[in-house]
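Here the structure comes first, spelled out in structure tokens, and everything after it is commentary.
The values are calculated or read from the model by the stated rules, or taken from the named source; none is laboratory data. Just so you know, these numbers come straight off a predicted model, no measurement behind them. With ideal geometry, Cβ positions are generated from the backbone for all residues, glycine too; neighbour counts draw on all protein chains shown. Remember, those area values only see protein heavy atoms, side chains included, never the ligands or the DNA or RNA. Shrake-Rupley method; radii C 1.70, N 1.55, O 1.52, S 1.80 Å.
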Amino acid sequence: MAKEPVKTKELPAALRNANFSEVVLGYSEEEALSEASRCLQCKDPRCISGCPVGINIKKFIKQITEKDFSGAYFTIREKNNFPCICGRVCPAEYQCRKACVLTKKDSVFASPQAINIHFLERFTGDFGMNNK
Ligand code: SF4
């Protein structure tokens, strides 16, 4: 049976009016590994053609599964200097995730089953920033 997508957690509503922390929390290492393991490593990775800057998504996700987070970070940096930002604000629903083979055909936006590429990018970007 196919693994379910790893959902992100959100800061509880009761805490949001008391600080300026992010509401959507990023993946933990365990969550990133689990989500990355869902990638099919397609022969023809459509996700890459869905990325406006052509990040080698297949490769950086594979590096995450191998716990090579530095390698994943530098793979993204070959094409994009701002993985922390893009992992948070890129409209992945109609770019890389929409192009992912796990999105249903003729869908206007990405299907829920599509790999959460943006959250994996955010995890990798934050790893790079925290391990300079
Ligand atoms: S299209 Fe989706 S499943 Fe295939 S390599 Fe890209 S992210 Fe992985």
Given the range 49-107, report the % of alpha carbon pairs whose separation exceeds 17 Å. 41 percent
Under 12 Å from the Cβ of Lys67, count the other residues' Cβ atoms, weight Lys and Arg +1, Asp and Glu -1, and hand me the total. -3
Where chymotrypsin sites (Phe, Trp or Tyr not before Pro) fall in DSSP loop in the range 1-69, at most 12 other Cβ within 10 Å: Phe20
Rg to Rh quotient for the range 1-129, alpha carbon positions, Kirkwood Rh: 0.97
Divide by every residue of the chain the summed helix terms, -39500 (n - 2.57) for each DSSP H run of at least 4, and state the resulting mean residue ellipticity at 222 nm, rounded to the nearest 500 deg cm²/dmol. -11500 deg cm²/dmol
Residues of the range 54-71 with amide nitrogen under 20 Å from the 7 Å Cα-to-Cβ point of Gln113? 58
Could you look at the chain and say what percent of its accessible area is carbon and sulfur, using a 1.4 Å probe and all protein chains? 57 percent
Compute, for the range 28-132, the length of the dipole vector about the Cα centre, with Cβ point charges of +1 (Lys, Arg) and -1 (Asp, Glu) only. Units Debye, rounded to 20. 340 debye
For the chain, what is the accessible area per residue in Å² when the probe is 1.4 Å? 61 Å²
